[in-house]
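For reference, the structure discussed in these notes is given below.
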Amino acid sequence: MKRITYTLVLLILTVYSYAQTGTIGDPFTSLKQGAAVTIAGVYYFNIGGNVFDTYVDANGYVQVAIDFGNGSGNLPQGSSLTTAARGILNATILGALTEIQIVRISSSTANFDVTTTDATIIGRIQSNTTLHQGTADNSINDNWTGTNAAYITANASCITVDGTSLHENIVHACGNTAGYHWIPSSGTQREQFASGEIANSAFFQLWVKGDITLPIELLNFDATIANNEWVELNWQTSSEINNDYFTIERSMDGINWEIVKNIDGSGNSSTLLNYSGIDSNPYSGISYYRLKQTDFDGQFSYSQIRNINLQRPGNPEILIYPNPVNDKLTIKTRKSGLGDVHIYNVLGKNVNELTRQIITHENTIVIDFSQLNSGTYYIKSKNAANRVHKQ
């Protein structure tokens, strides 16, 4: 048995990415996807039908409010935030952020940057409620950590009267001149009360972050051509969280994908597990494989794409020549018939209308390629898929 093996060693942090891109046409559908962001910018979300766009930093923190040093009056509530204007996500959107794991407040001056995982504070974000509003909340406020956390853990000595909604009052350690104060309704933006207001050009930001725990740790992914007839796919995981199943997918062009088969996952595991699957009817020539991993809740992610090149020199399933082609391309097969032949460009677009079949027999087709631009094309028949280059 002749065996050709291609091995790809994968690291989960660089290999797996969520299908959504966070663009207006392909928005994130969970905070977990936002938590995987590594390039700061404005991203789009659609969480439970609540559509919004906001700034996400390079560590996956999603901005829910921003206020400048010269800001006065309640923060405008809406569904679109940047880093250039005051605002806060509206109450309906805040209520949909059920995946919050971390709350963060930071200052653009870098003098103040704190986080908490306290469940009460997370619940207050979701209910559009002031995070700290006087003496009754002194114990809750002790759960913040980070740069100058002492400014926010300072105990209040009175009860705030500046409103109890986030757009009115973010944090008010009232009566304590050492404490952090962010009260949009009264135009108060102070890292430390005794230090006065931050500069007009400086700003505070309120952030949330979802759980970035990834569903599996994939150690390796092997694509193997066995006996010049089929393709074996093998992979290993070192841990799994809520892993429902894997899907092996293949493609003739790396763009358009079809399912080969589904393989059950192991749910939750912290031990080394081995998986395998076989594509018993692979394409001839170059083709591509990837894994799709699906959680119990329907969230899914993809592995890196892996390519193989299956050739059968002793008994070729399909013969295409010349390659590269200039004007006329000949396609022959030893099987019962070629059937319909489709030609795709590298973007996956069918370009049959730009070609012309000159000769058509049961086992031979000659196609005029003269009207196609130079580049790579993919020829797909019922028997195989192959790549050709147009000069």
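Just so it is clear, none of the values below were taken in a lab; they were calculated from the coordinates. Keep in mind that what you see is a predicted model, and the values were worked out from it rather than measured. Reconstructed Cβ throughout: ideal geometry from the backbone, glycine too, with neighbour counts over all protein chains shown.
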For Asp244, distant residues with modelled amide H under 5 Å away: Thr294, Asp295, Phe296
Cα-centred dipole magnitude for the stretch 17-209, charges only on beta-carbon of K, R (+1) and D, E (-1), debye, nearest 20: 120
Links that overshoot a 30 Å alpha carbon limit, given the list Lys328/Lys349; Lys292/Lys390; Lys332/Lys390; Lys261/Lys390: Lys292/Lys390; Lys261/Lys390
Cα centroid of the stretch 259-314 to Cα centroid of the stretch 64-119, whole Å: 41
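Once the other residues with Cβ under 9 Å from the Cβ of Trp257 are scored (Lys, Arg +1; Asp, Glu -1), what is the net sum?
Once positives and negatives cancel, what remains is +1.
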Mean separation of Cα contacts under 8 Å, 6 or more apart, over the residue count of the chain: relative contact order %: 13
Table column - 3J(HN,Hα) (Hz), the stretch 319-328, Karplus curve with 6.51, -1.76, 1.60, x for Gly and Pro: 10, 10, 7, x, 9, x, 10, 10, 10, 10
Amide proton proximity set for Gly187, modelled H, under 5 Å, gap of 5+: Gly73
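Can you tell me, using C-alpha contacts under 8 Å and at least 6 residues apart, the relative contact order of the stretch 17-209 as a whole percent?
22
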Proximal charge balance of Thr130 [Cβ under 15 Å; K/R count +1, D/E count -1]: -4
5 angstrom amide H check on Val325, placed H, neighbours 5+ away: His389, Lys390, Gln391
Hz values of 3J(HN,Hα) by residue in the stretch 232-238 - Karplus curve (6.51, -1.76, 1.60), Gly and Pro given as x: 9, 10, 10, 8, 10, 10, 9
Reachable aspartates and glutamates from Lys32, criterion Cα separation under 17 angstrom, eight or more residues apart if same chain: Asp53, Asp57, Glu99, Asp211, Glu217, Glu240, Asp295, Asp297
The chain, helix-only ellipticity at 222 nm - DSSP H runs n ≥ 4, -39,500 (n - 2.57), divided by all residues, nearest 500: -1500 deg cm²/dmol
Within-15-Å neighbourhood charge of Ala178 [Cβ basis; K, R +1; D, E -1]: -1
Relative contact order, percent, the stretch 146-216 [alpha-carbon distance under 8 Å, six or more residues apart]: 21
Residues Asn46 and Tyr245, FRET efficiency given R0 of 25 Å [Cβ-Cβ distance, rounded to 0.05]: 0.50
Residues of the stretch 55-82 with amide N under 20 Å of a point placed 7 Å along Cα→Cβ from Glu99: 55-65, 79-81
Approximate spin-label separation Ala178-Ala84, in nm, with each point projected 7 Å along Cα-to-Cβ: 4.1
Vicinal HN-Hα couplings computed from phi for the stretch 30-40 (Karplus, 6.51 cos²θ - 1.76 cosθ + 1.60; Hz; Gly/Pro x): 7, 5, 4, 5, x, 5, 8, 5, 10, 10, 5
